[in-house]
Each structure stands twice: as C-alpha cells, then as structure tokens.
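Report on one structure; see the data block that follows.
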Amino acid sequence: MKLNKLQLALIASGVLASSAHTLAAGFQLTNHSASGLGRAYAGDAAIADNAAVISRNPAAMAMFDSPEFSGGVNVIIPDTNKTNVKYDNGVTATQDIMDGKDLSSTSYVPALYYIHPINNKFAVGLSAYSDFGTTVGFSDEFNAEGSMLTPAGFQDGAAGLFGGTTEVSTFTLGVSGSYRINEMFSLGASLKALKGEGTFKRPGPDLSAFGAGQLGLDFEGDGYAFAWDVGALLELNERNRFGLSYKSGIDFKADSSHSSYINQAGAPTTINSLELSLPSIVEFSGYHLVAPKWAVHYSAMHVGWSSFDKIDFNLDDGTVYPKTYGWDDSWRLSLGTTYYLNEKLTLRAGIAKDESPISQDKRVISIPDSDRMWYSVGGTYAFNQASSLDLALAYIDGKTIDVSESQDNIGTMTATSKTSAWIVGVQYNHKF
C-alpha cells in the first residue's frame, strides 16, 4: 500500500475547496453590508440606499447626487458540527470517531465604500470588501483518532487526513464608474484586485518509527488576481426599478510560503503553487414601492460553480497533478421588504434560499456545505439628513446532510453534518 502524489490531490483538495464560498453556498461570502444583511440581500442590485451598492451593481452609483461614504462590519458566528462519525480503513472493523463540535470560528468581515458623482452623468467609486473566506478547524483530539495501516504498522491519526484545519481570507479592492444614459437607463463597471491567503493542514499518523515524519499536508500560501464587474440599472419611475449585474470569474494562483507533504513511503514533496478558477456571478434584482411607506424587493443570483472543475497542484519536480471536482452551478433566491416608518427609522426583513453546488456524491468531510435558508431583520436610524446607522441580525439554517468521503489507500469516513450561523451587522453611512 503506497500513498502517491495523486493522493496528495485528494488530501489537499478537500481543504482548498473551502476557499471559495462559505456562508453562501460553496465558499462565497455575500456579506457586503449591514443594510443588505437586514433584507437577506434581496434587491441589493437595485435598491442603492447607501454606497455599499458598488459591491452588487456599479451602475446604481448613477442614483447618487452627492458624495457618500459607507463603512461597517458583519460578525459571523457559525456553528458547524459533525456527528455519527465513522471510519473504515478497509482492513479492520469500522471505527467510531468522536464528534466534531464547534468546527467554525467567529469571523469579522469589514467593508468600506465611497461614491463620488462627477456631474449628472458620471460617478466614480472605491470599494474594499471580501468575497471569499472560511475558518474550519477540527480539534487535535478528533484528528488523532482513526487507526490505519501504515508501513510502521497500525497508527492512529487517520481522521486528520479528512478533518484538519482550513483558514482562508480574501481582500478585494475595487475602482468603479457609472454613466447615466438617460432618466431611465444607467451602466456601470468595476475593476478589482483580489488578494487571498490560506493555511491548510491535514495531519496524519506519525511515521517516526518508519524513519519519516508525520504523514499528511501542511500548506501556507497567498496570491493575487484581477477581475471585473459590469452592471445595468433600469428606473421605470421613482417607485420601480430593476438591476442586473455580472461578476467575472477569477483565475487564482496561490504561491507557497510554506509547504510540507509526506506520503506513506516517507518521501517529502513540496507544492510550489495551486491554481483554481472561482465562479462568475449574475444577479437580477427588483425594487417596488407598493405603498407610500412600504416596498418589496427581490433578487435571483446565479453562481457559475461549474467553472470550479479542478485544482492544479504544481509540484517542485515540475509535474502538475489535477484534482477534479464536478460541482454544479447554483442559485440564490431572496425576497425582502422595507418599511419607511418615519424620517428617522427604516425597518427591513428578508428571507433567502441558498442552493449548494455540491451534489451528494461529491461531499467531503472538510466542507460544511449544504442548502440553507436565511432569515433576516434590520433597520436604519438617521441621526440627521447626512448621517445614519444600519443594524442587522440574520440566522442561517443549513440543511442536515450525510457525508461519505473515500480516499485511496486511506479509507472511508462517514458523518452527519449540520451548519448554522448568526450574523450581526453594523454600518455607518455619511452624505457629504
């Protein structure tokens, strides 16, 4: 029994897949503003109630007649658990593994936006936010469980090859512009630079008795990529408008700052870099003021996860090993309402359904992804005509799923997975 470099792809890719979308399906972050959070991001490409609209549709900057700043943070408090965990090494009887509890950590997603109208036709904007990120870590006690056959005999620690640690953060900086063609129709575009950092660990059994180190993977790396957005806004009148936006896919490469991989033969391998494709996103939104103080709004978002077909592992010997995924495109549908109580207070609520791109046969232990529902409430308090504060609270209820993951020459792990989360958002807005 030998763990070759192709098994490296199996071990590492389960970690790296989490780098794309997390509290939206896959590994995407949709948490771009507190105002949007309060309505489950329903109608975000058309509402334009503050400068955060840049992140969803740059064409909507045409609606601003004075400079505006928005800045805030969303605090994500997830709860990911793996229960009924079992491991089959293919040799001995199936083993019961301890539950994986509280696998996801609290994270903070800040965002800053600024819109500056040049005249009644042109506007420009700056944005800084995050599109992707996740933190999932199995305990040392969990990783140390599961006995598998190695050249040093049966050794504990097989569970770490399925669990381990995944930490990914991204930062996006964008420059945007919009042009109003006429009273009804506006266009916009953004150019964006993305920096991504990741730490991925898959600790396996200790092979010291075999004259080697610890079986598994320990990788740290970062990289840069560029992308673009385009958008359109149709204003039928002051009460009804529609927004359409397209975010380009991203070809991302992460260069290694630290990499250690040891197979069962004890041979160390270095990963120089990883390459993957992140999905394009199309969003359609509508906003309708159906009464003097009451509006409804909605969004349909299509995420092109089928472009995430593989991860290429570039090794130090010049070879490239691909790991194929076969994810599916997915949809996110949201519906919300806004009630303008008075000049000081605006209230919001929303609901959304987020579809997972990972079919049942493609699920892995390290990716806590499933279909999920969003339930959100929020509001805005205006201190005066220039300054306001947004507050929001959302609960994300992920579907309970069964996961079965097999790795060649390592075995099969099964578990029941459940992820839920609370998100608290706060944002300050100021018109100049």
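Cβ under 12 Å from PHE138's Cβ, PHE138 left aside: what net charge do those residues give with Lys, Arg +1 and Asp, Glu -1? Walk me through the intermediate numbers first.
Numbers: positive: LYS82, LYS101, LYS201, ARG202; negative: ASP99, ASP102, ASP140, GLU141, GLU145.
Taking every Cβ under 12 Å from that of PHE138, the sum is -1.
Alpha carbon centre of the stretch 273-342 versus the stretch 145-194: separation in Å?
12 Å
Arrange LYS201, LYS82, LYS399 by Cβ neighbour counts within 10 Å, fewest through most, would you? Please list the in-between numbers first.
On the way: LYS201 20, LYS82 26, LYS399 13.
By the 10 Å Cβ count, ascending, the order reads LYS399, LYS201, LYS82.
List the residues, sorted by chain then number, that are 5 or more residues from GLY164 or on another chain and whose placed amide H is less than 5 Å from its amide H.
The list, which skips near neighbours in sequence, is PHE138.
Once you've got the GNM for the chain with C-alpha springs shorter than 10 Å, pick whichever of PRO205, PRO58, PRO322 has the biggest mean-square fluctuation.
PRO322
Short version: ³J(HN,Hα) in whole Hz for each residue of the stretch 158-172, in order, from phi by Karplus 6.51 cos²θ - 1.76 cosθ + 1.60 (θ = phi - 60°), x for Gly and Pro, what are they?
5, 4, x, 6, 9, x, x, 9, 10, 9, 9, 9, 9, 9, 10
Given [x] 4, 19, 29, 24, 13, 6, 3, 1, 0, 0; [y] 5, 22, 32, 26, 11, 3, 1, 0, 0; [z] 5, 22, 30, 21, 13, 7, 3, 0, which label gives P(r) over Cα pairs in 10 Å bins from 0, in percent as computed from the coordinates?
Evaluating P(r) over Cα pairs in 10 Å bins from 0, in percent on these atoms matches [z].
What are the ³J(HN,Hα) couplings of the stretch 403-409, residue after residue, when phi is run through the Karplus curve with 6.51, -1.76, 1.60 and θ = phi - 60°? Round to Hz, x for glycine and proline.
My calculation for the stretch 403-409 gives 10, 9, 10, 10, 10, 4, 6 Hz in order.
Ordered by packing density, taken as the mean number of other Cβ atoms within 10 Å over each peptide's residues, highest first, how do 123-135, 338-350 rank? Walk me through the numbers on the way to the answer.
On the way: 123-135: 22.6, 338-350: 16.7.
Top to bottom by mean Cβ count within 10 Å: 123-135, 338-350.
Exposure proxy check: ILE115, ILE351 ranked by fewest other beta carbons within 10 Å? Let's see the in-between values first.
Details: ILE115 29, ILE351 16.
Ranking ILE115, ILE351 by Cβ neighbours within 10 Å, fewest first, gives ILE351, ILE115.
Pull out a ≥ b ≥ c, the square roots of the eigenvalues of the alpha-carbon gyration tensor of the stretch 179-291, then state rounded if a/c is under 1.5, prolate if not and a/b is larger than b/c, and oblate in the remaining case.
Numbers: a/c = 6.11, a/b = 3.47, b/c = 1.76.
Judged from the Cα gyration tensor, the stretch 179-291 comes out prolate (a/c at least 1.5, a/b above b/c).
With θ set to phi - 60° and the Karplus curve 6.51 cos²θ - 1.76 cosθ + 1.60, what are the ³J(HN,Hα) couplings of the stretch 85-91 in order, to the nearest whole Hz, using x for Gly and Pro?
7, 9, 10, 10, 7, x, 10
Tell me, in nm to one decimal, what length is gained between GLU343 and ASN272 on full extension, where the rule is 0.36 nm per residue of separation less the Cα-Cα distance? Intermediate values should be presented prior to the final figure.
Numbers: separation 71, 0.36 × 71 = 25.56 nm, distance 5.71 nm.
Net length gain for the segment: 19.8 nm.
Ranked highest first by the average count of other Cβ atoms within 10 Å around their residues, in what order do 187-193, 84-90 fall?
Values: 187-193: 18.9, 84-90: 17.3.
With the highest mean Cβ count within 10 Å placed first, the list reads 187-193, 84-90.
Give me LYS418, LYS293 ranked fewest to most by other Cβ atoms within 10 Å of their Cβ, as a rough exposure proxy. Could the numbers behind the result be given before it?
Numbers: LYS418 17, LYS293 13.
Ordered by Cβ neighbours within 10 Å, fewest first: LYS293, LYS418.
Which pairs in the list LYS195/LYS253; LYS192/LYS253; LYS195/LYS362; LYS253/LYS310; LYS86/LYS418 are over 18 Å apart, alpha-carbon to alpha-carbon?
Values: LYS195/LYS253 10 Å; LYS192/LYS253 16 Å; LYS195/LYS362 28 Å; LYS253/LYS310 13 Å; LYS86/LYS418 16 Å.
Flagged as over cut-off: LYS195/LYS362.
Helix-only estimate, please: 222 nm mean residue ellipticity of the chain, summing -39500 (n - 2.57) across DSSP H runs of length 4 or more and dividing by its residues, to the nearest 500.
Values: 3 runs with 20 residues, N = 432.
Helix contribution divided over all residues of the chain: -1000 deg cm²/dmol.
On a 0 to 90 degree scale, rounded to 10, what angle separates helix 5-16 from the longest Cα axis of the chain?
30 degrees
Just so you know, all these numbers are worked out from the coordinates, no wet-lab data involved. Because the structure is predicted, anything quoted here is derived from the model rather than measured. Neighbour counts are summed over all protein chains in view; Cβ atoms, including those assigned to glycine, are modelled from backbone coordinates with ideal geometry.
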